[in-house]
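Computed from the coordinates by the stated procedures, all read-outs in this text should not be read as laboratory data. Nothing here was measured: the structure is a model prediction, and the numbers come from that model. All Cβ positions, glycine included, derive from the backbone under ideal geometry; neighbour counts span all protein chains shown.
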Amino acid sequence: MPPDLRPRARLRSMGHAWRGLRWMLRSQANARVHLILTTLVIGAGLATRLDACEWTLLVLAIALVWVAEAMNTAIECLADALHPEHHPLIGRAKDVAAGAVLLAALGALAVGVLILLGRFG
């Protein structure tokens, strides 16, 4: 088996990923907001007994927000490491990455409203 496919290497890789997610949650206020909202949406979904299709849409929407937030955080970290002082193009890149998170969050909000408001309304 190639060294990079061995179970120990895969577990070590997953450990790095979890460490990155923990760091993101500790250091990024918006990630903590996403965690609170994710918990609330999952609770609402459980309370309203969503069907498999509704859960699938919610999970995809939630995952999209988390992926966007993680990518935004990674871009910010890299940009700050490469050019710590203000640079207009780096600022623009950070703004665009933050805009991607906003778009994902608005899309997730729309999915949540369409699914959950129908249950409560």
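Hey, what did segment 3-120 get for relative contact order, percent, Cα under 8 Å, at least 6 apart?
Numbers: 53 pairs, mean separation 36.1, N = 118.
With pairs under 8 Å counted, the relative contact order is 31 percent.
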Rounded to 10°, Cα long-axis angle of helix 52-82 versus longest principal axis of the chain: 20 degrees
FRET efficiency for L11 and M71, using Cβ-Cβ distance with R0 set to 22 Å, rounded to 0.05: 0.40
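Local charge sum around R19 (other residues, Cβ-Cβ under 12 Å, Lys/Arg +1, Asp/Glu -1)?
Result for the neighbourhood of R19: +3.
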Degrees, to the nearest 10: 29-47 long Cα axis against longest axis of the chain: 30 degrees
Formal net charge of residues neighbouring A74 (Cβ-Cβ distance under 14 Å; K, R +1; D, E -1): -1
Rounded if a/c under 1.5, otherwise prolate or oblate - segment 3-120, Cα gyration tensor axes: oblate
